[in-house]
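What follows is a short report on a single structure.
The values are calculated or read from the model by the stated rules, or taken from the named source; none is laboratory data. Because the structure is a prediction, the values reported are computed rather than measured. Neighbour counts are summed over all protein chains in view; Cβ atoms, including those assigned to glycine, are modelled from backbone coordinates with ideal geometry.
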Amino acid sequence: MPELPEVETVMRGFRTAFEGQRIRHVTVNRPDLRWPFPLDLRERLEGQEVLSFHRRAKYILMRVGNGMSMMLHLGMSGRLLLGQSGMNTTPPRHEHLVLETENEARAGLVDPRRFGMVDLVPTDHEDTHRLLSGLGIEPLSDKMTGPYLHSLMQSRRTPIKTALLDQRLIVGLGNIYVCEALFRSHIHPTRAATSITLQEANRLATFIRAILTEAIASGGSSLRDYVQADGTKGGFQDLHLVYGREGEPCSYCATGYTVSRITQSGRSTFYCANCQK
Ligand SMILES: [Zn+2]
């Protein structure tokens, strides 16, 4: 499933291809994904200039000249294929939406499982959209400081790992990034969120930012393949220190400890029982 760094990577590719261009044609190939496409999607987008792009959590917002934003979520399996109009003689399977610009840039939304969504929202009211209004802070924003993270954790009666996955507090981290951030911060994943000290929250804030920045710089996940269609993988999986490494030697303590795996709230947690207190 695409997480924040992958969505950021897709958004940046989309921006490079579409910003400043005018949308010539919109093709909607089925009535719905997770929810119906807006009935006026075509009418609202065709002929409009693409002004800018924005990411909020795992939503991509494309802002156009008439004051509307197209909101896009890739769901579990969605991909945005970027290319040139007329280059693909056979459209890929499961391509449900296609946007084309006057300069022949083409974006196709391919989503076999259809957990993704597309909606329209007035740009001035993006934050009040039902799917965005309850979201927590962006982990890469200036608001995400140690003291702020500390204050957020003081309100949660759950393990720290569960609290960090709560989208109402902080968005887009996902299971991989939370495991990695807790490992680098030397915080045990089953600790109560309320037990996190200010000093630990400072470390956590620093590492969350560092990990997401590294993941974005390395191209996120294999989603990048679909954007660039060149077969190269994003490199972040090679930088995982604990995620998916159960039984491998801990890369920090070198005392014979190996990475452990437990299940929390139905999801795997990877950690070192020696390093993380
Ligand atoms: Zn260790």
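Somewhere in the range 106-122, is a residue assigned to a strand (DSSP E or B), in contact (Cβ under 8 Å) with a residue 24 or more places away in the chain and basic (Lys, Arg)? Checked the range 106-122: at least one residue is assigned to a strand (DSSP E or B), in contact (Cβ under 8 Å) with a residue 24 or more places away in the chain and basic (Lys, Arg). Summed over the range 52-73, the residues that are in contact with a strand residue (DSSP E or B) (Cβ under 7 Å, 6 or more places away or on another chain), of a type outside the set (Phe, Trp, Tyr) and in contact (Cβ under 8 Å) with a residue 60 or more places away in the chain give a count of 5. Cβ-Cβ distances below 7 Å connect the following pairs, each with a first residue in the range 250-264 that is in the same structural domain as His240 (by TED's automatic domain parsing), a second residue that is near the ligand (Cβ under 8 Å from one of its atoms) and hydroxyl-bearing (Ser, Thr, Tyr), and a separation of six or more residues or different chains: Cys250/Tyr257. Each residue in the range 233-262 was checked for being over 23 Å from Glu200 (Cα atoms) and either under 28 Å from the mean Cα position of the chain (by Cα) or more than 10 Å from the ligand (Cβ to nearest atom) (or both), and 11 of them qualify.
Within the range 74-94, the set of residues being in contact (Cβ under 8 Å) with a residue 40 or more places away in the chain, part of a loop (DSSP other than H, G, I, E, B) and among the aliphatic types (A, V, I, L, M) comprises Leu74, Met76. Residues that are within 13 Å of the ligand (Cβ to nearest atom) and surrounded by fewer than 14 Cβ atoms within 10 Å (Cβ to Cβ) within the range 263-277 comprise just one, Lys277.
Yes or no, residue by residue, for (1) surrounded by fewer than 20 Cβ atoms within 10 Å (Cβ to Cβ); (2) touching a Phe, Trp or Tyr at 6+ places or on another chain (Cβ under 8 Å):
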| site | (1), (2) |
| --- | --- |
| Arg56 | yes, no |
| Val64 | no, no |
| Ala105 | no, yes |
| Gly116 | no, no |
